[in-house]
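Q: After the structure tokens below, expect a handful of questions from me.
A short reminder: the numbers here are calculations on the coordinates, not readings from a lab. Please read these numbers as outputs of a predicted model, since none were measured by experiment. Using ideal geometry, Cβ is built from the backbone for each residue, glycine included, and neighbour counts are taken over all protein chains shown.
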Amino acid sequence: MMRKVSTKKSFVYTVDLTTIDGDGAFPCPKCGVIISPDDETEEIYKILDTKVKNDELTELLLLCNKCGSKIKLVGFIPQPES
Ligand SMILES: [Zn+2]
């Protein structure tokens with residue numbers, strides 16, 4: 001019996017928010033489920049990690065609950081202080 005070697009390294013997809021039009025929703029690069037930043041139910045995705053630099057969100061690591069892919073969100077536009 002050959003045993004399949006499972007690699008611990010899982011591929012992380014990167015999504016650049018500056019390339020997304022509209023309200024910031026985007027399809028999962030692997031399974032195509034729409035991931036909406038307004039969805040806070042954690043049914044579609046979970047936030048694994050956030051990176052903050054100078055009080056600005058620079059990176060978000062999401063886990064797609066549907067296919068298990070990790071998706072790194074980059075390209076956050078700094079909000080001007082009002
Ligand atoms: Zn997915």
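Q: Taking the Cβ of each residue in Y13, Y45 as the centre, tally the other Cβ atoms inside 10 Å and list the residues starting with the fewest.
A: Placing the least packed residue first, the sequence is Y13, Y45.
Q: Could I have the simple spin-label model distance between D21 and K70, label points 7 Å from Cα toward Cβ, reported in nm to one decimal?
A: 3.2
Q: So, R0 is 22 Å and r is the distance between the beta-carbons of E42 and F11; what FRET efficiency does that work out to, to 0.05?
A: Efficiency at R0 = 22 Å is approximately 0.50.
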